[in-house]
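Here is the structure we will look at.
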Amino acid sequence: MKDIANLRITLSELDDMLVNCMRCGMCQSVCPVFRDSMLEGDVARGKLVLIDSLAKRMIDSPGEVKDRLDNCLLCGSCEANCPSGVKVMDIFIKARIVLTNYMGLSPAKKAIFRGTLVHPRFFNGLVSMGSKFQGIMTSEADSFLGTSCSKIMSPLIGDRHFMPLAKRPFRKDHSGIDSGKGTANIRVAFYPGCVVDKMLPQVGHAVIKALEHHGCGIYLPKKQACCGIPSLASGDEESAIKLLKQNLKAFSKGNYDVLVTPCATCTSTIKKLWPKIAAQISPEAEKKAQRISDRTMDISEFLVKHFDVDLSAHAASGKKKVVTWHDPCHLKKSIGVSAEPRAILKGLPGYEFVEMNEADYCCGNGGSFNLQHYDTSSRIGSRKRDNIIASGADVVTTGCPACMMQMTDMLSQAHDNVAVKHVIELYADAL
């Protein structure tokens, strides 16, 4: 009876959130999935109509409803361009939670989220083991970009070119740091995120180098867990709550001034979703999450707002490399950060910054969307690849590890010799 009562409350909350949608169709012009399929059901307006009758449709055809709602990148383009201010992302996530509670998680997702992800020590050990034996099932795809492919696993992963797991994760070199304020009189908590830790440790090392260069004290607690967005995107609120409890325990102890991340998705999740998830735990947990949210910044935003990042005076002679920038959806559309990384790039010695066309158009990764809808994901990604090549860039940079994975895949499959870097990597190299 309690579950039925909770379901009624959640459906009522969804009804209240849907009131502002005027069905104007402005979301059509910015939705990457709709532009690919041209199907009304794939655009936000179509999904909101579906959610408007969610209670009935859940009984009639829950599987069909789930498929429709899952065919979304959660990029936030629709919400960022909605003239009525509809909180589309909140609605979509809440609707996915309702459906998951009604239908249950698939055995595979239950094993991944509840059996693995919520147990960081086990998860880390499993990934470390995978990194040691990945060579058995993979082969080199592109030596320039460092990608791999796997004919053995192609029935599961398709023909994608993927970045291999790091031989040595970031946490093996940096974990449990707890220094003072530093010469800059500012103490920074660092949340690297799963992909940086396990696949792109060089990004984490670059953050540490930049913080130390500017005299920041660093707080890097052990026992950090996933930010929870993979679970939430699949409607698994239970796992998201367990992960948040672990992170609140880790980050509520340190007396720090700001928390930085090099992952746009993690930054957005911490700032916008952690307080909402914490409200399901307790008022105290919500206050803790809100305090963390208020202090959280993207690494490029932090550096630009606190320090002089213009390194152009140290420019070396010789031909400059062309660098361009891709706006991660969760960075620009979700938390409004776009000028800061460009400021860093424009001040880099040895580089000429060139703006690419449609810099803020979604790359098509979307986390689990890339796994479930790879054909659509790769077609959207190919559009991004074309814009990168048209810019004439030697290097494409971004502020999101998932975007880096997607662009690397697209460029690798096209045999393009364009390096893919996080903006903090280039900045740290120039120091």
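From the residues in the stretch 246-263 that are surrounded by fewer than 21 Cβ atoms within 10 Å (Cβ to Cβ) and more than 20 Å from the chain's Cα centre (by Cα), which one is nearest to Val304 (Cα to Cα)?
The residue in question is Asp257.
Answer yes or no: is there a residue in the stretch 319-330 that is among the charged types (D, E, K, R), under 17 Å from the mean Cα position of the chain (by Cα) and assigned to a helix (DSSP H, G or I). Please lay out each step first, then the result.
Keep residues of the stretch 319-330 that are among the charged types (D, E, K, R), which gives 319-321, 327.
If we keep only those that are under 17 Å from the mean Cα position of the chain (by Cα) too, we end up with 327.
Those still in the list that are assigned to a helix (DSSP H, G or I) too: none.
No, the stretch 319-330 contains no residue that is among the charged types (D, E, K, R), under 17 Å from the mean Cα position of the chain (by Cα) and assigned to a helix (DSSP H, G or I).
Mind listing just one residue for me: the one in the stretch 266-307 that is polar (S, T, N, Q) and part of a helix (DSSP H, G or I) and, of those, farthest from Cys226 (Cα to Cα)?
Top of the filtered list is Ser300.
Of the residues that make up the stretch 73-83, is at least one over 22 Å from Ser37 (Cβ atoms) and either surrounded by fewer than 16 Cβ atoms within 10 Å (Cβ to Cβ) or touching a residue at least 12 places away in the same chain (Cβ under 8 Å) (or both)?
For the stretch 73-83, residues over 22 Å from Ser37 (Cβ atoms) and either surrounded by fewer than 16 Cβ atoms within 10 Å (Cβ to Cβ) or touching a residue at least 12 places away in the same chain (Cβ under 8 Å) (or both): present.
Filter the stretch 16-31 down to residues that are in a helix (DSSP H, G or I) and closer than 15 Å to Met89 by Cα and give me whichever is modelled with the lowest pLDDT.
Asp16
Restricting the search to the stretch 157-186, which residues are in contact with a His (Cβ under 9 Å, 6 or more places away or on another chain) and not hydroxyl-bearing (Ser, Thr, Tyr)?
Phe170, Asp173, His174, Gly182, Ala184, Ile186
Name, by its number, the condition in (1) of a type outside the set (A, V, I, L, M, F, W, C); (2) at pLDDT 95 or above; (3) surrounded by fewer than 20 Cβ atoms within 10 Å (Cβ to Cβ); (4) on the phi < 0 side of the Ramachandran plot that does not hold for Glu301.
Every condition holds for Glu301 apart from (3).
Hey, can you tell me all the residues within the stretch 384-395 that are in contact (Cβ under 8 Å) with a residue 60 or more places away in the chain, more than 22 Å from Val196 (Cα to Cα) and either in a helix (DSSP H, G or I) or aliphatic (A, V, I, L, M) (or both)?
Correct list: Ile388, Ala393.
Pairs only if they're at least six apart or on different chains, beta carbon under 8 angstrom, first in the stretch 101-118 and closer than 14 Å to Ser368 by Cα and assigned by TED's automatic domain parsing to the domain that holds Val65, second at pLDDT below 90 and not in a loop (DSSP other than H, G, I, E, B); list them, first residue then second.
Correct list of pairs: empty, since none qualify.
It is to be established whether one or more residues within the stretch 116-138 are more than 20 Å from Cys263 (Cβ to Cβ) and in contact with a Gly (Cβ under 8 Å, 6 or more places away or on another chain).
No, the stretch 116-138 contains no residue that is more than 20 Å from Cys263 (Cβ to Cβ) and in contact with a Gly (Cβ under 8 Å, 6 or more places away or on another chain).
Which of (1) of a type in the set (D, E, K, R); (2) within 21 Å of Gly381 (Cα to Cα); (3) crowded, with 18+ Cβ neighbours inside 10 Å is the odd one out, the single condition Lys66 does not satisfy?
Going through (1) of a type in the set (D, E, K, R); (2) within 21 Å of Gly381 (Cα to Cα); (3) crowded, with 18+ Cβ neighbours inside 10 Å one by one, Lys66 breaks only (2).
Does the stretch 172-188 contain at least one residue that is in contact with a helix residue (DSSP H, G or I) (Cβ under 8 Å, 6 or more places away or on another chain), crowded, with 17+ Cβ neighbours inside 10 Å and either part of a helix (DSSP H, G or I) or small (Gly, Ala, Ser) (or both)?
Looking for residues that are in contact with a helix residue (DSSP H, G or I) (Cβ under 8 Å, 6 or more places away or on another chain), crowded, with 17+ Cβ neighbours inside 10 Å and either part of a helix (DSSP H, G or I) or small (Gly, Ala, Ser) (or both), one finds none in the stretch 172-188, hence no.
From the list Lys198, Lys209, Lys242, exactly one residue is modelled with pLDDT of 95 or more, within 22 Å of the chain's Cα centre (by Cα), of a type in the set (Lys, Arg) and within 22 Å of Cys400 (Cα to Cα). Which is it?
None of the other options fit; the residue is Lys198.
Within the stretch 331-358, restricting attention to residues that are polar (S, T, N, Q) and surrounded by 15 or more Cβ atoms within 10 Å (Cβ to Cβ), which residue is farthest from Thr397 (Cα to Cα)?
Ser334
If I ask for residues that are more than 14 Å from Gln406 (Cβ to Cβ) and of a type in the set (A, V, I, L, M, F, W, C), which ones from the stretch 337-375 would you list?
Within the stretch 337-375, Val337, Ala339, Ala343, Ile344, Leu345, Leu348, Phe353, Val354, Met356, Ala359 qualify.
Might you let me know whether the stretch 138-157 holds any residue that is outside the structural domain of His205 (by TED's automatic domain parsing), under 20 Å from Lys198 (Cβ atoms), out of contact with any Ser or Thr (no Cβ under 7 Å at 6 or more places or on another chain) and at pLDDT below 90?
Within the stretch 138-157, one or more residues are outside the structural domain of His205 (by TED's automatic domain parsing), under 20 Å from Lys198 (Cβ atoms), out of contact with any Ser or Thr (no Cβ under 7 Å at 6 or more places or on another chain) and at pLDDT below 90.
The conditions are (1) over 20 Å from Val195 (Cβ atoms); (2) among the hydrophobic types (A, V, I, L, M, F, W, C); (3) outside any loop (DSSP other than H, G, I, E, B); (4) touching a Ser or Thr at 6+ places or on another chain (Cβ under 9 Å), and Phe123 fails exactly one of them. Which is it?
Just one mismatch for Phe123, condition (1).
Could we say that Ala289 is more than 20 Å from the chain's Cα centre (by Cα) and aliphatic (A, V, I, L, M) here?
Spelling it out, it is not the case that Ala289 is more than 20 Å from the chain's Cα centre (by Cα) and aliphatic (A, V, I, L, M).
Ala240 fails exactly one of the following numbered conditions: (1) part of a loop (DSSP other than H, G, I, E, B); (2) crowded, with 24+ Cβ neighbours inside 10 Å. What is the number of that condition?
(1)
Could you tell me whether Ser128 is closer than 22 Å to Leu371 by Cβ and hydroxyl-bearing (Ser, Thr, Tyr)?
yes
Are any residues in the stretch 396-431 within 16 Å of the chain's Cα centre (by Cα), of a type outside the set (A, V, I, L, M) and either surrounded by fewer than 24 Cβ atoms within 10 Å (Cβ to Cβ) or assigned to a helix (DSSP H, G or I) (or both), and if so, which ones?
Pro401, Cys403, Gln406, Thr408, Lys421
All but one of (1) of a type in the set (Val, Ile, Thr); (2) free of Cβ contacts under 8 Å to residues at least 60 places away in the same chain; (3) crowded, with 18+ Cβ neighbours inside 10 Å hold for Val88; state the number of the condition that does not hold.
(2)
The values are calculated or read from the model by the stated rules, or taken from the named source; none is laboratory data. Source: prediction; values computed, not measured. Cβ sites come from the backbone with ideal geometry, for glycine too, and all protein chains shown count toward neighbours.
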